[in-house]
Amino acid sequence: MIQDRPSWTSRPAVVAVIAFAIGAAVAGVIVAFVMSRGDDNNSTAQATATPGTATGTPVTTGTPIGPTATPLNPRNADDALANYIQQTLHQTYIGPCPQAQSGQTPQGTCSKELYRSTDVVTFALGPAFSEAVGEAVLTPAENGVWTVDFVGKTSKPPALGGRPTVYGAGDCLNLHSAPSKSSPTLTCKLDGTTADVIGGPQVADGITWWQLKDLGWGSQEFLEASD
């Protein structure tokens, strides 16, 4: 009796080979999947670490530097005034004088503009809600930088032989050929102008007049005696 020939799949060696091949194939698929996930993660990490590089724009950090309160060589009269009060008078500048008091009075020096043009700007200076202690006269130099001259208020009238300063006149003080408002005007001098007194006092038109050398007669109201 002829026995049946066993099939090739029933042989132990063949079965082992087949099992090994299947296992290797499965392992290869797993390794390929893991490697592809690793590449994706690297790409994501690089994209996160270097934002903005797609447009070639560098990424910068840090705090921007803001403008200073006032420049060292001010080309603006208001900046020059603030510099002068803070650096020369060593006072706290609180800006324009408040018009009405509300709450606590601010401490420091404030300014009240008297006159402004391209050639001169004048301010009365003092504490808030108090009488001015003096006047700042600002003029531009040839390089455009504004300079400041300060005229202190003494509340003293001029005197013969003295050298008073034009003070608080606004744009300028009219100086006449005689102690009278109706007399011809010889010149008009800006605040901060100083001159020797050679005549006076003379009273006319309700004004006390003083004669300034080479200039004319001016009102005592706008002449501040020097200390």
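Among the residues of the stretch 158-185, write down those that are closer than 25 Å to Thr109 by Cα and either out of contact with any Phe, Trp or Tyr (no Cβ under 7 Å at 6 or more places or on another chain) or free of Cβ contacts under 8 Å to residues at least 12 places away in the same chain (or both).
Pro164, Thr165, Cys172
From the list Ala100, Ala141, exactly one residue is in contact with a Ser or Thr (Cβ under 8 Å, 6 or more places away or on another chain) and exposed (fewer than 14 other Cβ atoms within 10 Å of the Cβ). Which is it?
Exactly one residue qualifies, and that residue is Ala141.
Which of (1) touching a residue at least 24 places away in the same chain (Cβ under 8 Å); (2) of a type in the set (Asp, Glu); (3) surrounded by fewer than 16 Cβ atoms within 10 Å (Cβ to Cβ) is the odd one out, the single condition Asp191 does not satisfy?
(3)
Quick one: in the stretch 97-113, which of the residues that are modelled with pLDDT under 95 and not polar (S, T, N, Q) is nearest to Gly168 (Cα to Cα)?
Pro98
Scanning for something surrounded by fewer than 14 Cβ atoms within 10 Å (Cβ to Cβ) and not assigned by TED's automatic domain parsing to the domain that holds Gln86, does the stretch 168-177 turn up at least one residue?
yes
Only one of Thr208, Thr187 is within 41 Å of the chain's Cα centre (by Cα) and over 30 Å from Tyr93 (Cα atoms); which?
After ruling out the rest, the residue left standing is Thr187.
The values are calculated or read from the model by the stated rules, or taken from the named source; none is laboratory data. No experiment lies behind these values; they were computed from the predicted model shown. Methodologically, a virtual Cβ is constructed for each residue, glycine included, from the backbone with ideal geometry; neighbour enumeration extends over all protein chains shown.
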